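Have a look at the structure below, then the notes.
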Amino acid sequence: MSTYKSNNFINISKISSDENRKDMAETLFKTATAGFKNGSPWEVRDFYHTLEAENVVVFTANIQTDSKEKTIGLLIASVALSEVDIYMIVVDEDYKQTQVAYSLFEHLIEYGRKHEVESLYLEVRTSNVPAIGLYKKLGFEKVGLRKAYYSSPIEDAIVMQLKI
Ligand SMILES: CC(C)(COP(=O)(O)OP(=O)(O)OC[C@H]1O[C@@H](n2cnc3c(N)ncnc32)[C@H](O)[C@@H]1OP(=O)(O)O)[C@@H](O)C(=O)NCCC(=O)NCCS
């Protein structure tokens with residue numbers, strides 16, 4: 001699956017376990033820094049340790065710029081039996097609203113269906129309008145509310161589920 005932005009071809013890849021973890025952790029950190037308004041919520045070492053975990057799947061969205069590849073979006077999730085927990089979805093500010101996040105999720109859902117996953121779960125800040133819009137478009141439904149789940153600033157989390 002792929003999508004276009006202007007003349008750029010966007011390629012979605014699944015990170016494999018033989019990838020250079022140190023380089024990949026730095027790439028993911030850079031992408032998260034370019035996508036979250038207040039900077040990446042995870043340090044490079046958090047990405048590194050997440051990449052080490054056996055049950056974690058990571059998809060990246062990449063474009064070719066000049067002679068090198070640039071990562072413009074990422075989706076990190078953990079798979080446990082029939083459930084997937086979304087850890088992080090973020091798209092570089094310059095490439096938002098061009099269906100990058102939607103395409104990343106399409107790939108995760110396809111992966112989940114092949115691995116007998118039944119449901120995807122995630123938490124989202126009640127004020128995160130773009131993310132809630134994305135999840136609703138994908139078919140996620142609200143299944144709970146966690147009071148004061150987030151800090152800095154304190155905010156409730158909506159728990160959402162997508163049955164696949
Ligand atoms: C949430 C986020 C990942 C969406 O990524 P994106 O690539 O811009 O989203 P897409 O282009 O794939 O949009 C798909 C759908 O999401 C919704 N959406 C995306 N941006 C939106 C916005 N600013 N306002 C309202 N809805 C929005 C729309 O329904 C959109 O469908 P449409 O294009 O048919 O209207 C992106 O805004 C982001 O990186 N935010 C910061 C990180 C974050 O908050 N992540 C979630 C918590 S970990």
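Just to be sure, is ALA25 exposed (fewer than 14 other Cβ atoms within 10 Å of the Cβ), of a type in the set (A, V, I, L, M, F, W, C) and more than 11 Å from the chain's Cα centre (by Cα)? Walk me through it before giving the result.
Values: exposed (fewer than 14 other Cβ atoms within 10 Å of the Cβ): no; of a type in the set (A, V, I, L, M, F, W, C): yes; more than 11 Å from the chain's Cα centre (by Cα): yes.
Against the criterion (exposed (fewer than 14 other Cβ atoms within 10 Å of the Cβ), of a type in the set (A, V, I, L, M, F, W, C) and more than 11 Å from the chain's Cα centre (by Cα)), ALA25 does not qualify.
Return yes when VAL117 is in a loop (DSSP other than H, G, I, E, B) and modelled with pLDDT of 95 or more and no when it is not.
Criteria met by VAL117.
Filter the range 126-135 down to residues that are surrounded by fewer than 20 Cβ atoms within 10 Å (Cβ to Cβ) and more than 7 Å from the ligand (Cβ to nearest atom) and give me whichever is nearest to ILE164 (Cα to Cα).
By that ranking, first place goes to ILE132.
How many of the residues in the range 76-98 are within 7 Å of the ligand (Cβ to nearest atom) and either assigned to a loop (DSSP other than H, G, I, E, B) or small (Gly, Ala, Ser) (or both)?
Summing the residues that are within 7 Å of the ligand (Cβ to nearest atom) and either assigned to a loop (DSSP other than H, G, I, E, B) or small (Gly, Ala, Ser) (or both) in the range 76-98 gives 3.
Tell me which of these HIS115 doesn't satisfy, since it passes every other one: (1) buried (at least 17 other Cβ atoms within 10 Å of the Cβ); (2) away from the ligand (no atom under 12 Å from the Cβ).
(1)
Looking at (1) touching a helix residue (DSSP H, G or I) at 6+ places or on another chain (Cβ under 8 Å); (2) over 16 Å from PHE140 (Cβ atoms), which one does TYR95 not meet, given that it meets all the others?
For TYR95, the exception is condition (1).
If I ask for residues that are within 16 Å of the ligand (Cβ to nearest atom) and part of a loop (DSSP other than H, G, I, E, B), which ones from the range 9-53 would you list?
If the condition is that a residue be within 16 Å of the ligand (Cβ to nearest atom) and part of a loop (DSSP other than H, G, I, E, B), then PHE36, LYS37, ASN38, GLY39, SER40, PRO41, TRP42, GLU43 are the ones that fit.
Given the structure, is ILE63 closer than 21 Å to ILE15 by Cβ, away from the ligand (no atom under 12 Å from the Cβ) and not assigned by TED's automatic domain parsing to the domain that holds ALA32?
For ILE63, the condition - closer than 21 Å to ILE15 by Cβ, away from the ligand (no atom under 12 Å from the Cβ) and not assigned by TED's automatic domain parsing to the domain that holds ALA32 - is not met.
The values are calculated or read from the model by the stated rules, or taken from the named source; none is laboratory data. What you see is a predicted model, and the numbers here were worked out from it, not measured in a lab. In this analysis, Cβ positions are derived from the backbone assuming ideal geometry, glycine residues included, and neighbour counts consider all displayed protein chains.
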